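Here's the structure, in structure tokens; my notes come after.
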Amino acid sequence: MRKSGDPCNLTFEEIKKLIPQRFPFIMIDRILEIEPGKHAIAVKNISGNDMVFLGHFPEKAVMPGALIIEAMAQTAIILFATQVVKAKAVIKKPLYFFGSVKARFLHPVVPGDQLKIRIEKCQIPARRSVCMEKPLVDDLKVSEAELVCSVKNE
């Protein structure tokens with residue numbers, strides 16, 4: 001059982017406090033492990049009831065690659081946000097801009113899968129980060145990506 005306030009394991013409600021996305025675009029359900037500024041592991045449970053599967057694809061449901069990338073991006077935002085909180089930096093309403101994405105998709109992700117997003121390497125200088133991410137389903141690497149982002153204040 002998770003202890004209240006455990007910084008290494010964030011619930012869905014705690015995730016919502018750190019990312020700007022809202023329903024139906026929150027692509028991670030829980031943070032299993034996080035070490036601010038170094039690595040994170042997030043989980044997205046794929047359900048056949050997810051609205052995206054109404055059209056992608058009606059005959060054979062497959063999680064869109066763009067949404068897998070979004071799950072990776074949200075994990076990176078949380079990793080950055082937890083580093084900022086740890087460093088006690090002041091960011092008022094941060095805006096996250098992803099400059100480039102290099103991604104490869106190796107296996108389909110389907111309803112019933114649990115997607116684990118692992119950020120293994122992440123360089124996070126003050127307002128820019130480069131993250132290497134490897135989403136897994138049952139220890140099978142389903143894709144890999146390099147995300148480059150920057151943070152801008154309003």
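The values are calculated or read from the model by the stated rules, or taken from the named source; none is laboratory data. Everything quoted here is computed from the prediction, not taken from an experiment. Note that we place each Cβ from the backbone using ideal geometry, even for glycine, and neighbour counts take in every protein chain shown. SASA here: full protein model, heavy atoms, side chains in, ligands and nucleic acids out. Shrake-Rupley method; radii C 1.70, N 1.55, O 1.52, S 1.80 Å.
Can you tell me which residue in region 22-65 is nearest to residue 10 (Cα to Cα), limited to those that are assigned to a loop (DSSP other than H, G, I, E, B) and acidic (Asp, Glu)? Steps first, please.
The first filter runs over region 22-65 and keeps only residues assigned to a loop (DSSP other than H, G, I, E, B), leaving 22-29, 36-38, 46-50, 55-64.
Restricting the remaining residues to those that are acidic (Asp, Glu) gives 29, 50, 59.
Values: 29: 9, 50: 22, 59: 35 Å.
For region 22-65, the residue satisfying everything is 29.
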- Extreme residue, nearest to residue 42 (Cα to Cα), among residues of region 111-135 that are at pLDDT 90 or above and open to solvent by less than 40 Å² (accessible area, probe 1.4 Å): 117
- Message: Is it the case, given these coordinates, that residue 81 is within 23 Å of residue 146 (Cβ to Cβ), of a type in the set (A, V, I, L, M) and at pLDDT below 90?
- Response: yes
- Quick one: residue 44 ticks every box in (1) under 14 Å from the mean Cα position of the chain (by Cα); (2) over 16 Å from residue 117 (Cβ atoms); (3) of a type in the set (Lys, Arg) except a single one, so which number is it? (2)
